[in-house]
Amino acid sequence: MASGIKLSGIQSLESRSGSWNGAADGILAQLKAAGVQKGQVISIDAHNSGPNNDAIFSAHFCTDLPGCGELDISYKEQNESYGWSTFYENLGAACVGKTKDQIISMTASCSSGGRSVMYVFSYDSPLGDSQITDVHNIQASKATDDAGAPIACGEIKSTEVVDLDKDGEPYAFVMDSDGDCICQKCSKCGEKWMDRDEKYTCKHCGNAGCCDC
């Protein structure tokens with residue numbers, strides 16, 4: 001989950017089916033139909049109301065979180081009668097090669113006939129691989145944190161075109177979740193300087209409308 005963002009509320013969806021995969025496919029279809037984007041799903045949980053009752057998946061999400069494009073969620077499932085230690089071992093193997101931000105949820109439930117299920121839901125590609133490519137976000141692809149590392153898609157709240165540069169090209173400030181410029185660094189004096197409410201004017205030297213993204 002993106003850090004520093006205060007959630008105004010968490011929404012939930014539920015899918016029920018006579019089969020576990022049917023319920024899993026149903027919850028993913030509901031998330032897409034609701035317009036939920038990649039990076040906005042908080043968890044997906046497997047449960048039921050009894051071993052011979054419907055399989056249930058609930059999904060929990062928040063649209064306050066930055067969206068990184070269309071959902072690309074898939075899952076790996078186990079529906080077996082072996083011991084939990086084997087479930088855990090197989091779950092670990094299913095996650096090999098994925099990044100931490102790809103993993104959405106690992107969840108399990110008892111099932112019918114002495115069997116249990118365990119699922120891992122994940123994004124097919126890392127959130128950090130989502131690149132901003134349109135003209136309005138031209139500066140976003142250059143954004144770095146204080147250590148000089150590229151800022152991943154999930155850490156960027158939005159970009160805003162506020163001016164044209166000397167060549168007449170749109171210039172985008174990269175905003176964080178608080179509405180401040182990611183770099184907040186004046187291109188003239190190098191001081192940390194900028195806040196949206198100050199209309200992009202450096203507090204130290206008076207330089208206006210230009211940061212050093």
Classify region 11-127 as rounded, prolate or oblate, taking a ≥ b ≥ c as the square roots of the eigenvalues of its Cα gyration tensor: rounded when a/c is under 1.5, otherwise prolate if a/b is larger than b/c and oblate if not. oblate
Gap in Å between the Cα centre of region 85-114 and the Cα centre of region 52-74? 16
Let me check against my output: what whole-number percent is the relative contact order of region 11-127, with C-alpha pairs under 8 Å and at least 6 apart? 28
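No lab work stands behind these numbers, since they all come straight from the coordinates. Values in this document were obtained by computation on a predicted structure and should not be read as measured data.
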